[in-house]
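What follows is a single structure, written as C-alpha cells, with notes after it.
The values are calculated or read from the model by the stated rules, or taken from the named source; none is laboratory data. Note that the coordinates shown come from a computational prediction; the quantities given were computed from them, not determined experimentally. Quick reminder, even Gly has a Cβ in these numbers, built from the backbone with ideal geometry, and neighbours come from all protein chains shown.
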C-alpha cells in the first residue's frame, strides 16, 4: 500500500477549521477578518495544513455569527472584501493550502431577499422558497416541533398570515428543498465559489434539508409539550436524492472535497453517505462527541460514558469507511466545548491531556481536522453570568435548564460544560493585551490563561502542546502507514488505554494512549499485534531514554508510538 497514488490530495493532508470571528483581527475592530488569516498562514503551514475550512464569511446580520446568510455572493464587510477573499485564496494556494467554504444551505437569514420576498405573499416568485403552513384552527403552530435553539420551530408572520419553519433561530427560516428553483439557485452559489478557486465545501446542518411528508407532530415532552425537531427531521428518507443531485450538478469530477455535517448519521449509515456511491467525500458524524446525550442535545440532560464507549464509537466509524469512504477525524469544532475538558477529568494536566488527544487525532486513519486553538491546548471558560455569553444556543439551553427545574447556578454549570463560546474565545497568539488577537476590544473576552497558553510561548517550548502537534505532523508525513495503512484496535476492553495499530505492509505501528491519571501497564503480545521493537515517540519527550521494559508501561496521560517488529 505504501505510496498508493489512488489517494487524493485531501486524504493525505491535515485540515484546519478557522472560526473567522475569533482567529485574527487585522484592523482593530475586535473581530477576526480575512487579512488577519492571511497574516497567519505561516503558522498553519508549520502544522502541515493543506486545507482551511472557513466558517461563513458571507453577508449576514450575524444573529448566529454568520450562519444566518443574507447574501451568498458577497463578503461580510466585517471580514473584508471580495478582493481580499480572492487574495486569501491565492496566497494560501501559493503555500499549498486550499480554502474550503462553509455552505449553509438548510436555511438563510430572514434578511435574505429570498425570504423578504417570500414573506410578502403566497403568490409571488419566491413564495414557495421557504416552508409555510397555515395555523391550526385554534391559531397554534402546525405541530409541536421544538427548534434546536429552544422554543417552537414555527414563527408566525403577520404579513403573510402563516407560520414558517426554522430548525434553528427564528431569524433562520428553512429553505424548501422540494422546490427545484431553490436547489438550482443553491447549486449556482456553489459553482460561483468553485469558479473563485476554492478547494471544497463543508455542508452545514445538511441532515435537515429534507422534511417528512405531512409534518407530523411527535411525542410531547412532559416539560414543554414539544418534541425535538432533530428527532423528527434528521436524515428523512429521500434526502440522499437531493444530495446526489448536488453531487452530479456541482462537485462530480472536480479536484475538490466535500464534507457534510451530518449529526444523526450513524457509522452503519456511512456507506450510503460517503465513498464510491456516496454523496460526500467525508462526513462529520458525531457519535464520539455526543456521548453525553441520549437523543436531543439538551445540555441539562446527560448520561455518563466511559473510554470504552469512546473507543467503540471511533472504531465503528473507522471500520465503516475502511473499504469504501474516508473519515474526517475531529474532536473539536466551533459548536463544541474544548476537548481537553470533554475527554479528561477536571484534575488532568491540560498539557499532557492535549498531547494525548493530539496523538489520537493525527494517528488515526483519515483526514485530521484541527480546530483553531486546539493545537495550543486551549480550554473552556467560566464566566460569572449568563449575560456574559454571546452564543444564542447557550442562552436557550440555560432557559431550558430552568424549565427543567434546575437552579440558576445549576443551569449555569450546564453552560460552563457545553457552551459553544468555549470554542469561540479569541485565538491566543502571544502574551500581549488580548493575546495578540486584536488591538481593539475583542468581540468576546479572551480566555484568562492566555499568558501561558499561546502560540508564541509554546513555539519556544519543546514540551508544549503546539510543539507536539508540529512534531506529530512531521511524523505523520514521514510514516506512510499513518496515511495509507489499515486501522486495528487492540486492548479493546481497557477502560484506561486506547491502543490501535496502523499497518501498510512495510511498517507496523502501535499507538497507545493512557487516558487516566495513573500508570497503566499493558501486554501487547497478548493481543496478537506482535512484539514491540522500539519506541519512536513519547508525549513525555524522553523517547531516547526509555528501556525495553518501559515499552509496556504508560505514565499518566502519556501517548506513545511504537514500531512493531515484522513477522519473520
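Matching residues to (1) more than 25 Å from residue 142 (Cα to Cα); (2) at pLDDT 95 or above:
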| position | (1), (2) |
| --- | --- |
| 224 | no, no |
| 229 | no, yes |
| 241 | yes, yes |
| 257 | yes, yes |
| 264 | no, no |
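Here are the criteria: (1) surrounded by fewer than 17 Cβ atoms within 10 Å (Cβ to Cβ); (2) assigned by TED's automatic domain parsing to the domain that holds residue 38. Tell me which single one residue 474 does not satisfy.
In the conditions (1) surrounded by fewer than 17 Cβ atoms within 10 Å (Cβ to Cβ); (2) assigned by TED's automatic domain parsing to the domain that holds residue 38, residue 474 misses (2) alone.
Scan region 214-236 and report the pairs whose first residue is without any contact (Cβ under 8 Å) to a residue 60 or more places away in the chain and whose second residue is not in a loop (DSSP other than H, G, I, E, B), with Cβ atoms within less than 8 Å and a gap of 6+ or a chain change.
219/227; 234/207; 234/208; 235/207; 235/269
Going by the conditions given, is residue 149 within 25 Å of residue 396 (Cα to Cα) and assigned to a helix (DSSP H, G or I)?
On the way: within 25 Å of residue 396 (Cα to Cα): yes; assigned to a helix (DSSP H, G or I): no.
It is false that residue 149 is within 25 Å of residue 396 (Cα to Cα) and assigned to a helix (DSSP H, G or I).
Exactly one condition in (1) part of a loop (DSSP other than H, G, I, E, B); (2) in contact (Cβ under 8 Å) with a residue 40 or more places away in the chain is not met by residue 446; state its number.
All conditions pass for residue 446, except number (2).
Quick check on my filter: what residues within region 282-304 are free of Cβ contacts under 8 Å to residues at least 60 places away in the same chain, crowded, with 21+ Cβ neighbours inside 10 Å and under 19 Å from residue 394 (Cα atoms)?
289
For region 327-440, give me every one of the helices (runs of 4 or more DSSP H) that falls completely inside it and has 2 or more residues that are under 25 Å from residue 496 (Cα atoms).
Working: elements: 339-343, 350-363, 392-403, 408-418.
Those helices (runs of 4 or more DSSP H) span 339-343, 350-363, 408-418.
Restricting the first residue to region 155-178 and requiring it to be farther than 17 Å from residue 61 by Cβ, which pairs with a second residue that is surrounded by fewer than 18 Cβ atoms within 10 Å (Cβ to Cβ) and at pLDDT below 95 meet a Cβ separation below 9 Å and a spacing of at least six or different chains?
Here the result reads 159/121; 160/121; 160/122; 161/122; 162/122, each pair linking region 155-178 to a residue that is surrounded by fewer than 18 Cβ atoms within 10 Å (Cβ to Cβ) and at pLDDT below 95.
Looking at 141, 92 in this structure, which one is touching a strand residue (DSSP E or B) at 6+ places or on another chain (Cβ under 7 Å) and surrounded by fewer than 21 Cβ atoms within 10 Å (Cβ to Cβ)?
Details: 92 fails: surrounded by fewer than 21 Cβ atoms within 10 Å (Cβ to Cβ).
Being touching a strand residue (DSSP E or B) at 6+ places or on another chain (Cβ under 7 Å) and surrounded by fewer than 21 Cβ atoms within 10 Å (Cβ to Cβ) holds for just one of 141, 92, which is 141.
If I ask for residues that are over 28 Å from the mean Cα position of the chain (by Cα) and surrounded by 13 or more Cβ atoms within 10 Å (Cβ to Cβ), which ones from region 189-233 would you list? If you could, list the steps in order and put the result at the bottom.
Within region 189-233, the subset over 28 Å from the mean Cα position of the chain (by Cα) is 213-225.
215, 217, 218, 221, 224, listed by residue number.
Residue-by-condition table, conditions (1) surrounded by fewer than 21 Cβ atoms within 10 Å (Cβ to Cβ); (2) within 17 Å of residue 224 (Cβ to Cβ); (3) touching a helix residue (DSSP H, G or I) at 6+ places or on another chain (Cβ under 9 Å):
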{"position": "145", "(1), (2), (3)": "no, yes, yes"}
{"position": "154", "(1), (2), (3)": "no, yes, no"}
{"position": "163", "(1), (2), (3)": "no, no, no"}
{"position": "175", "(1), (2), (3)": "no, no, yes"}
{"position": "184", "(1), (2), (3)": "yes, no, yes"}
{"position": "187", "(1), (2), (3)": "yes, no, yes"}
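In the list 534, 521, 558, 506, which residue meets the criterion of being in contact with a helix residue (DSSP H, G or I) (Cβ under 9 Å, 6 or more places away or on another chain), surrounded by 18 or more Cβ atoms within 10 Å (Cβ to Cβ) and either on the phi < 0 side of the Ramachandran plot or at pLDDT 90 or above (or both)?
Details: 534 fails: surrounded by 18 or more Cβ atoms within 10 Å (Cβ to Cβ); 521 fails: surrounded by 18 or more Cβ atoms within 10 Å (Cβ to Cβ); 506 fails: surrounded by 18 or more Cβ atoms within 10 Å (Cβ to Cβ).
None of the other options fit; the residue is 558.
Picking from 67, 126, 79, which residue would you name as being under 22 Å from residue 250 (Cα atoms) and either assigned by TED's automatic domain parsing to the domain that holds residue 26 or part of a loop (DSSP other than H, G, I, E, B) (or both)? Even if it seems obvious, please write down each step before you answer.
Values: 126 fails: under 22 Å from residue 250 (Cα atoms); 79 fails: under 22 Å from residue 250 (Cα atoms).
Testing whether each residue is under 22 Å from residue 250 (Cα atoms) and either assigned by TED's automatic domain parsing to the domain that holds residue 26 or part of a loop (DSSP other than H, G, I, E, B) (or both) leaves just 67.
Being surrounded by 22 or more Cβ atoms within 10 Å (Cβ to Cβ), under 30 Å from residue 97 (Cα atoms), under 19 Å from the mean Cα position of the chain (by Cα) and not assigned by TED's automatic domain parsing to the domain that holds residue 24: is that true of residue 422 here? Walk me through how you get there before you give the answer.
On the way: surrounded by 22 or more Cβ atoms within 10 Å (Cβ to Cβ): yes; under 30 Å from residue 97 (Cα atoms): yes; under 19 Å from the mean Cα position of the chain (by Cα): yes; not assigned by TED's automatic domain parsing to the domain that holds residue 24: yes.
Here the answer is yes, as residue 422 does meet what is asked.
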